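Any read-out appearing in this document is the output of simple, stated calculations on the displayed coordinates, not a laboratory observation. Since we're looking at a predicted model, the values are computed, not measured. Methodologically, a virtual Cβ is constructed for each residue, glycine included, from the backbone with ideal geometry; neighbour enumeration extends over all protein chains shown.
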Amino acid sequence: MTIANQSQLRTTYREPNERAYQKVLGRLDKHCRDFIAMSPLCIISSFGADGLADTSPRGDPPGFVATPDDRTLLIPDRPGNNQVDSLQNVIANPQVGLLFLVPGMNETLRVSGGAEILTDEELLTPLSVNGRPPLSILRVTVEEAFLHCGRALIRSRLWDPDAQIDRSSYPTYGQVLADQIKGADAGEIDASEDEANRERLY
């Protein structure tokens with residue numbers, strides 16, 4: 001059966017307990033800000049003008065996302081492939097969803113709100129790494145924030161060293177792209193990526 005409405009959905013899933021509603025905040029409290037300060041990875045979800053959803057990771061040393069106040073996040077955008085999917089989406093639709101992860105913690109922090117892209121030097125400079133400022137900043141005005149339980153990460157064994165794969169069991173980035181792009185050279189792509197990862201992270 002295809003579930004097509006709320007009443008059908010609730011025949012499969014019981015109503016959440018009151019705590020599930022009560023934990024949703026309209027701002028960042030001390031615990032949210034501490035979590036973000038420990039997080040080296042943020043996943044950004046956004047929507048384009050065509051309605052297609054996109055999800056993109058942002059990673060840096062822990063605390064790379066600044067929280068100047070309890071309603072504001074500043075997310076630096078570093079050099080990449082210049083496809084800027086998330087940023088283009090924000091121009092079309094400013095609503096974003098964020099998921100923060102902390103290595104070793106099974107709980108995650110979920111934040112949603114409206115975003116805008118800024119390039120003001122006084123905002124970029126404090127978020128520099130190795131003396132290099134980000135190209136831009138995504139400023140998110142928090143509308144909702146809450147801690148998500150750890151069951152998904154427990155099930156996935158994400159932080160369990162014994163669950164890590166042998167990397168050779170999956171093709172390299174270059175090998176995948178060479179299969180997907182006519183005329184692409186796997187060796188050249190992998191060499192270019194290795195060089196970028198060494199020299200152009202920031």
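Assuming a ≥ b ≥ c are the square roots of the Cα gyration tensor eigenvalues, decide whether segment 104-145 counts as rounded (a/c under 1.5), prolate (otherwise, with a/b larger than b/c) or oblate. Could the numbers behind the result be given before it?
Values: a/c = 3.97, a/b = 1.46, b/c = 2.71.
Oblate.
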Taking 0.36 nm per residue of separation and subtracting the Cα-Cα distance, what length does fully extending ARG10 through ASP194 add? 61.3 nm
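Pull out a ≥ b ≥ c, the square roots of the eigenvalues of the alpha-carbon gyration tensor of segment 124-202, then state rounded if a/c is under 1.5, prolate if not and a/b is larger than b/c, and oblate in the remaining case.
Values: a/c = 2.19, a/b = 1.16, b/c = 1.88.
Because a/c hits 1.5 or more and a/b fails to exceed b/c, segment 124-202 counts as oblate.
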In the chain, once you exclude exposed trypsin sites (Lys or Arg not before Pro) (DSSP loop, at most 15 other Cβ within 10 angstrom), what's the longest stretch remaining? 72-156
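Using a simple charge model, +1 on the beta-carbon of Lys and Arg, -1 on the beta-carbon of Asp and Glu, nothing else, what dipole does the chain show about its Cα centre, in debye to the nearest 20? Walk me through the intermediate numbers first.
Working: 20 positive and 29 negative charges, 181 e Å.
That gives a dipole near 860 debye.
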Would you report the distance distribution of C-alpha pairs in the chain as whole percents per 10 angstrom bin, up to the bin with the largest distance? 8, 25, 33, 24, 8, 1
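What is the magnitude of the charge dipole of segment 114-202 about its Cα centre, with +1 placed on the Cβ of each Lys and Arg, -1 on the Cβ of each Asp and Glu, and no other charges, expressed in debye to the nearest 20?
Numbers: 9 positive and 17 negative charges, 73 e Å.
Here the size comes out at about 360 debye.
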In segment 70-200, with Lys and Arg counted as +1 and Asp and Glu as -1 at Cβ, which of these residues, ILE181, VAL111, SER169, has the Cα nearest the positive end of the dipole, that is, farthest along it? VAL111
So for R0 = 35 Å, FRET eff. of LEU52-ASP162 from the Cβ-Cβ r, to 0.05, ends up at 0.45
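Give me the one-decimal Kirkwood hydrodynamic radius in Å for segment 56-141, with the sum taken over alpha-carbon pairs. Provide the component values of the computation, followed by the final result.
Working: mean 1/r = 0.0734 Å⁻¹.
In segment 56-141 this quantity evaluates to 13.6 Å.
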Specify which residue in the list LEU153, PRO133, GLN22 is farthest towards the positive end of the charge dipole of the chain, using unit charges on the beta carbon of Lys, Arg (+1) and Asp, Glu (-1), about the Cα centre. GLN22
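For the chain, what is the mean residue ellipticity at 222 nm derived from helices alone (per DSSP H run of n ≥ 4: -39500 (n - 2.57); sum divided by total residues; nearest 500 deg cm²/dmol)?
Working: 8 runs with 61 residues, N = 202.
Taken over the chain, the calculation gives -8000 deg cm²/dmol.
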Between rounded, prolate and oblate, where does segment 1-88 land on the alpha carbon gyration tensor, with a ≥ b ≥ c its root eigenvalues, rounded for a/c under 1.5, else prolate if a/b exceeds b/c? oblate
Computed FRET value (nearest 0.05) for ALA184 with ASP85, which takes r as the C-beta separation and R₀ as 30 Å: 0.90
